[in-house]
Amino acid sequence: MAYNTEAQQQEPRPRRYGPGEGGGGRRFGGPPVRRVCAYCKDRNLRIDYKRADMLQRYVTDRGKIQGRRGSGLCARHQRSLSVAIKRARHLALLPYTAAHVRRV
Ligand SMILES: [Zn+2]
């Protein structure tokens, strides 16, 4: 009567709930980065369509407006930024397209 007690023991099932598997997140390690909008942080800072040097930061080298992910702005400021960039484009302070495309 040599019962194999070990076989009766339930094996611990591999759990698949831990972080790292599934979820689709790409960032691993480190604390979660909470980026705060630069214009919310600094109340004195205003988005001004006349300041092309300031808006240039949020425009790609192809002249496109950078998305929220790139700019790190909040919805409100991203919206006013895009309006400011469009105004600046109209005043020819910012390009509509990449410089090398503009060649006549
Ligand atoms: Zn903001």
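Nothing in this text is a laboratory measurement; each read-out follows from the coordinates by a stated rule. None of the values given here were measured: they were computed from a predicted structure. All Cβ positions, even for glycine, are placed from backbone atoms using ideal geometry, and neighbour counts span all protein chains on display.
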Relative to the present Cα-Cα distance, how much length would full extension add between LYS50 and SER80 at 0.36 nm per residue of separation? 9.5 nm
Where does the charge balance sit around TYR49 when Lys and Arg score +1, Asp and Glu -1, over other residues with C-beta under 10 Å from its C-beta? +4
Charge context of LYS86, other residues only, Cβ under 14 angstrom, K/R +1, D/E -1: +4
Where in the stretch 58-84 does the amide nitrogen come within less than 13 Å of the point 7 Å from the Cα of LEU91, taken along Cα to Cβ? 84
In the stretch 34-61, whose amide N lies under 14 Å from the spot 7 Å out along Cα-to-Cβ of ALA98? List them in ranges. 60-61
